[in-house]
1. Given H placed on each backbone N at 1.01 Å, which residues far from residue 256 in sequence or on other chains put an amide H within less than 5 Å of it?
2. Sort 98-109, 243-254 by the packing proxy (mean of other Cβ within 10 Å over each peptide's residues), most packed first.
3. Give the separation of the Cα centroids, the range 207-221 to the range 73-134, in Å.
4. Can you tell me which of 224-230, 212-218 comes out highest on packing, and rank the rest after it, using the mean Cβ neighbours within 10 Å?
5. With +1 on each Lys and Arg Cβ and -1 on each Asp and Glu Cβ, how big is the dipole of the range 70-220 about its Cα centre, in debye rounded to the nearest 20?
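What follows draws every value from the coordinates through simple rules; no lab data is involved. Keep in mind that what you see is a predicted model, and the values were worked out from it rather than measured. A quick note on method: Cβ atoms are made from the backbone with ideal geometry, for glycine too, and the neighbour counts reach across all protein chains shown.
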Amino acid sequence: MASSRDRQRKLARAKLDRQMARRAASARRRRQIQAGVGAALALALIVLGSVWALGGFDREPAPAAAPEICAWTPQDAAGNSSLKDVGKPATTGLPTAGTRPMTITTNQGSPVTVDLDLANAPCAGASFAHLAGQSFYDNTTCHEITAEGALRCGDPSGTGQGGPTYSFTSENVPSVPAPSPSASPAPGEPPLYPAGTVALIGSAPGANGSQFLVFFKDFNPADPTYPIVGKVSAGLDVIQKIGTTELVDNGSGEKVKPKTDVVIQSLTVGEVATDAPPAAPPATPTASPTAAGQS
C-alpha cells in the first residue's frame, strides 16, 4: 500500500501539471490575439496607405462664400418719421449685366418706360426692384420739379426726406470731361445728363434711397453729383409735358411743387434682359420746354 507521502507527491505533481497546461493554453491564446491584432493593424496600414496614395486625405477646399455686391446701410426710422421700413434687398446673387425695364404709370398720360443699367448701377437696379416688389412707389406723388429740369419722385412722404430704412452709395456718377485748351467748351460735347436720364437723388449726397430724378431737358453741371441709373426708352413726352406745368409753393417757401398733382399710380420692374445694351435717350427737342415759374 502506497504511503501517505507518496499520495501527496502524486497529487502535487498532478496539480503542477494542470497549472502548466493552463499556462500553456493562456500563452497560446495571447499569441493568437497578438497575431490577430498585428494582422488587423497591418491591414489598416495598407488601406490607409492606399487611401493616402489616391489623395483621399487631401483637404477639400471650403466653398468660397458668394461675394457681396451691394451694401445697405441701415437708417434710423425713429429719428426720421418719413422713412418707411420695407426690408432690404439681397446683398449677393444680384444681376450685374444687361438692363431691366422699369415702368412708371402716372395720372398724366401713357406709361413711362426706363431701362435700368445693371452693368453700371447694379445696386440701384436691385433697390428699385426690391422697392417695386413691396409696392413702395405706388400711389405716391412726384413732389418737385427741380431747377435743373427734372421731375423728382420716389418719396412717399412728399417732403424730400422720405425713403426706405436703408441707403447705399452712389454708382455711375458722370465725370466732367477734361478742360479744353481753349476757353470755350469742346464742340459737340454731350451733356452729362441728357434729357431722358434717370438719376438718384439722396437726402444727403451719396446716401441714396428711393428718390429719383427724370430729366426732361439737358443738364450739364460743372460738378455732377447725381448717380445715373438708366434712361427713358418710352414716354419722355409725358415727362416733358409735366415739366411745363405751373408751380406753386411747397409749403416751405419754395415754388417747386406741380400745381396739378403728379401721382405714380404704379411702378414695376421687369425681368433682366442681357441681349441688348441700354437704350439711348430720345433726341432732345430743339426748344426744350421750361417749367413755368422758373427762369
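1. Here the answer is 248, 250, since their amide H atoms fall under 5 Å of that of residue 256.
2. Values: 98-109: 19.5, 243-254: 13.5.
The peptides rank, most packed first, as 98-109, 243-254.
3. One Cα centre to the other: 14 Å.
4. In descending order of packing, they fall as 212-218, 224-230.
5. 140
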